[in-house]
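Data first, discussion second: the structure below is written as structure tokens.
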Amino acid sequence: AHALIARGVGPEVRVAIAMPRSAEIMVAFLAVMKAGGVYVPLDIEYPRDRLLYMMQDSRAQLLLTHSRALQQLPVPEGLDTLAIDRTEEWAGYSDTAPDVALDGDNLAYVIYTSGSTGQPKGVINEHAGVVNRLLWMQDAYGLKAHDAVLQKTPFSFDVSVWEFFWPLMTGARLAVAGPGDHRDPAILISLIQRYQVTT
């Protein structure tokens, strides 16, 4: 988060996140949010033209990615990039949470529609909406610390938001399905058994 702040990330600043499915995605989301920024999740499997369009249309000021993915991504000219696996990028920064003032009206993330009826459209989501959804889910379903949530939805879809943040809010475990695993029912069954997934 401090490294992102040093690169100008703060309230209402959009950060495109494009990387393979992994636990590092959660680190990227949290870093952007702790910096006060707005994350824009991009599926690296999308066509290059669509990725380029979404990076430009969202007005992303930074691309947070992984060095493996960076080689295949179309990066708009002038867009700053940061690879989460290059640990030298993070050296020397504080490991305490930054003191960033946000309220419910600040943007949390921008997720793009499928574009099935034409050009994909960015849908903006505020912190108040995310918090209300998570509090409602906790009130309705009561996730406990001994629970485990399987994160299997592509992170460019809205359902992924509660899959990521609900377990963290309640102290439950988060199991992230690996690249391609989220598409294979047999692998999902195996992950559910291995991690004793309850949700």
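Residue count for the range 157-183 under the criterion of being surrounded by fewer than 16 Cβ atoms within 10 Å (Cβ to Cβ), of a type in the set (F, W, Y) and under 19 Å from W136 (Cα atoms): the result is 0. Would it be correct to say that V15 is of a type in the set (V, I, T) and either touching a Ser or Thr at 6+ places or on another chain (Cβ under 8 Å) or not in a strand (DSSP E or B) (or both)? For V15, the condition - of a type in the set (V, I, T) and either touching a Ser or Thr at 6+ places or on another chain (Cβ under 8 Å) or not in a strand (DSSP E or B) (or both) - is not met. The C-beta contact set for the range 113-132 (first residue within 16 Å of R50 (Cα to Cα), second residue of a type in the set (A, V, I, L, M) and in a strand (DSSP E or B), distance under 6 angstrom, 6+ apart or interchain) comprises G122/V110; V123/I111. Just one of (1) closer than 22 Å to T153 by Cα; (2) open to solvent by 90 Å² or more (accessible area, probe 1.4 Å) fails for Y109. It is (2). Do we have L51 as closer than 16 Å to F155 by Cα, without any contact (Cβ under 8 Å) to a residue 40 or more places away in the chain and either in contact with a strand residue (DSSP E or B) (Cβ under 6 Å, 6 or more places away or on another chain) or open to solvent by less than 10 Å² (accessible area, probe 1.4 Å) (or both) here? Criteria met by L51.
Just checking: which of the strands (runs of 3 or more DSSP E) contained wholly in the range 56-157 hold 1 or more residues that are of a type in the set (V, I, T) and within 19 Å of G10 (Cα to Cα)?
Values: elements: 62-65, 80-83, 107-112, 122-126, 148-151.
Hits in the range 56-157: 62-65, 80-83, 107-112, 122-126.
Look at S58 and say whether it is open to solvent by less than 20 Å² (accessible area, probe 1.4 Å) and either small (G, A, S) or free of Cβ contacts under 8 Å to residues at least 60 places away in the same chain (or both). Yes; evaluated as a whole, the condition is true for this residue. Condition test on E89, is it surrounded by fewer than 18 Cβ atoms within 10 Å (Cβ to Cβ) and free of Cβ contacts under 8 Å to residues at least 40 places away in the same chain? No. Taken over the range 20-47, the criterion of being open to solvent by less than 10 Å² (accessible area, probe 1.4 Å) and assigned to a helix (DSSP H, G or I) is satisfied by I25, A28, F29, V32. Checking each residue in the range 1-12 for being open to solvent by 10 Å² or more (accessible area, probe 1.4 Å) and not in a loop (DSSP other than H, G, I, E, B) picks out H2, I5, A6.
Among the residues of the range 112-143, how many are of a type in the set (F, W, Y) and surrounded by fewer than 16 Cβ atoms within 10 Å (Cβ to Cβ)? Before you say what the answer is, go through the steps one by one.
First pass over the range 112-143, keeping only residues of a type in the set (F, W, Y): 112, 136, 141.
Among the residues that remain, those that are also surrounded by fewer than 16 Cβ atoms within 10 Å (Cβ to Cβ) are: 136, 141.
Summing the residues that are of a type in the set (F, W, Y) and surrounded by fewer than 16 Cβ atoms within 10 Å (Cβ to Cβ) in the range 112-143 gives 2.
Selection of the range 93-105 for residues being over 21 Å from the mean Cα position of the chain (by Cα) and open to solvent by less than 90 Å² (accessible area, probe 1.4 Å) yields only S94.
The values are calculated or read from the model by the stated rules, or taken from the named source; none is laboratory data. Small disclaimer: the values here were computed from a predicted structure and weren't measured. Every residue, glycine among them, receives a Cβ derived from its backbone with ideal geometry; neighbour counts consider all protein chains shown. Each accessible area value is taken on the protein alone, full model and side chains, heavy atoms only, with ligands, DNA and RNA left out. Shrake-Rupley method; radii C 1.70, N 1.55, O 1.52, S 1.80 Å.
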